[in-house]
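Trainee: Before I ask anything, here is the structure I am working with.
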Amino acid sequence: MAVVGAWLLGVVCLAQTKPPDKDYFVYLVSEGADKIVVVKFGPDGTKVDHMLHTGNLPGGDINGPHGIVMSPDRQFYYVTIAHGRPYGQALKYRVKDDAVVGQVTLGFFPATADVTPDGNFLYTVNFNLHGDMVPSSVSVVATDEMVEAARIPTCVMPHGSRINPAGTRQYSACMMDDLLVEIDTSQFHVSRYFTLSKGKEAGSMGSPPKDHHAMAGITCSPTWAQPSTDGKSIYVACNKSDEIVEVAVDSWALRRRIAAGPGVYNLAVSRDSKLVATNKRGQSVSVFDIESGKELVRLPTKRKVPDGVVVSPDSRYAFVAVEGIGSEPGTVEVIDLQALKTVSTVDVPEQAVGIDFWKAEDRQER
């Protein structure tokens, strides 16, 4: 079966596209427009449900919201503000009225964030995009009080903060150190790190040495660390080498390298064993079968620079945030993970980056 606008890898049996039988909602941030956007996708198509301004820099300066994550109970959400004077922030919003109910100052250019399953702690990488090439950190925020409980030194340009399903470990990848870093969430310290450079793969205990950047030959330039749904593997996006590296958690060893799209950037996993990857240089999104490592489909995006991706809890859809270039609007693209095709898009304010799933509603609930 041919699919218009898609590259099919190998022989793939595609399901017929069935329209959604419920309404799906995602939250995202548009970094270039200082907007939080709520998008609704359902039987009536895709539309912007509502949007609001975020950030508090004076004089019309761009605040640069970068990451967004919902609380486990879906009553709150957290937005990282990358720009500051000089430090960035994390803002806590209440869902029912989109009101700011807490905020905290973090490090340089706080970016990706994730929340522990109990909702008590927010882990945010301080990406330090515009700073010197020196080790940065991960900020741990107590979400009730919105107080920084710890700032854990890691490595150069950490990105892609994700917590394992059990809530016991947080993972991030350092772009300019070729490292995957694991933090013990009960102790607030680095427990292990893994060198991702091709031919130098190795797992180590404790924190990486401060001079690791000077010693490393950058072949991977990792941008994302995604735990599997069972927590037994970590998938790392190697943006430079166009690969996804799988690291086994128990042995802390390389399991395999999976060929990926140009500039593979962000990752998400489904409960039915699919891995979704945005390809930042390739203007596309790839869907992989996790067991075989086979790329099932590569779908072009409407605009350039695909960024964040999230999978609905029912594993039916992937929602992709696409930045666009310059003054172009961003887009949210909806991929049917059963039919393996893009089924809907909607324009949003420019530079759409971080995205998270809010809820799905049956029509009779409304």
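The values are calculated or read from the model by the stated rules, or taken from the named source; none is laboratory data. It should be emphasised that the depicted structure is a prediction, and the values quoted were computed from it without experimental measurement. A quick note on method: Cβ atoms are made from the backbone with ideal geometry, for glycine too, and the neighbour counts reach across all protein chains shown. Accessible surface is based on the protein model in full, side chains and every heavy atom, while ligands, DNA and RNA are left aside. Shrake-Rupley method; radii C 1.70, N 1.55, O 1.52, S 1.80 Å.
Trainee: Describe numerically, in nm with one decimal, the distance between label points set 7 Å from Cα along Cα→Cβ at L129 and at F188.
Mentor: Between L129 and F188, the simple spin-label model gives 2.8 nm.
Trainee: With springs only between Cα atoms under 10 Å apart, run a GNM on the chain and tell me which of G60, G324, G354 wobbles the most.
Mentor: G60
Trainee: Starting from the Cα gyration tensor of region 98-171, multiply each eigenvalue by 5, take the square root, and state the resulting semi-axes largest first in whole Å.
Mentor: 20, 15, 10
Trainee: Using 0.36 nm per residue of separation minus the Cα-Cα distance, give me the extension gain between K18 and D49 in nm, one decimal.
Mentor: Here the answer is 8.9 nm.
Trainee: Continuing with the same structure: At q = 0.10, 0.21, 0.24 Å⁻¹, what log₁₀ I(q)/I(0) does region 182-280 have when each alpha carbon counts as one equal point scatterer in the Debye sum?
Mentor: Values returned for q = 0.10, 0.21, 0.24 Å⁻¹ are -0.27, -1.16, -1.38.
Trainee: Compute the Cα gyration tensor for region 265-366, then decide on rounded, prolate or oblate, letting a ≥ b ≥ c be the square roots of its eigenvalues: rounded whenever a/c is under 1.5, prolate when a/b is larger than b/c in the other cases, and oblate in all that remain.
Mentor: oblate
Trainee: Could you work out what % of the accessible surface of the chain is carbon and sulfur, using a 1.4 angstrom probe and leaving DNA, RNA and ligands out of the count?
Mentor: Working: 7210 of 14300 Å².
Carbon and sulfur: 50 percent of the exposed surface of the chain.
Trainee: List the residues whose amide H sits under 5 Å from the amide H of L296, counting only those 5 or more places along or on another chain, with H placed 1.01 Å from N in the peptide plane.
Mentor: V287, F288, D289
Trainee: Taking amide H atoms as placed 1.01 Å from N in the peptide plane, list the residues 5 or more away in sequence, or in a different chain, whose amide H sits under 5 Å from that of D177.
Mentor: V156
Trainee: Another question about this same structure. D73 to D314: extension gain in nm, 0.36 nm per residue of separation minus the Cα-Cα distance?
Mentor: Difference between extended and current length: 85.1 nm.
Trainee: Taking only the alpha carbons of the chain, what extent do you get along each of the three principal axes, in Å, biggest first?
Mentor: Largest first, the chain extends 52, 48, 38 Å along its Cα principal axes.
Trainee: Sticking with this one: When the helix-only estimate is applied to the chain (DSSP H runs of n ≥ 4, each -39,500 (n - 2.57), divided by the residue count), what is the mean residue ellipticity at 222 nm, nearest 500 deg cm²/dmol?
Mentor: Helix-only estimate at 222 nm: 0 deg cm²/dmol.
Trainee: Apply 1/(1 + (r/R0)^6) to the Cβ-Cβ distance of S292 and R85, taking R0 = 41 Å, and write down the FRET efficiency to the nearest 0.05.
Mentor: Here the calculated transfer efficiency is 0.25.
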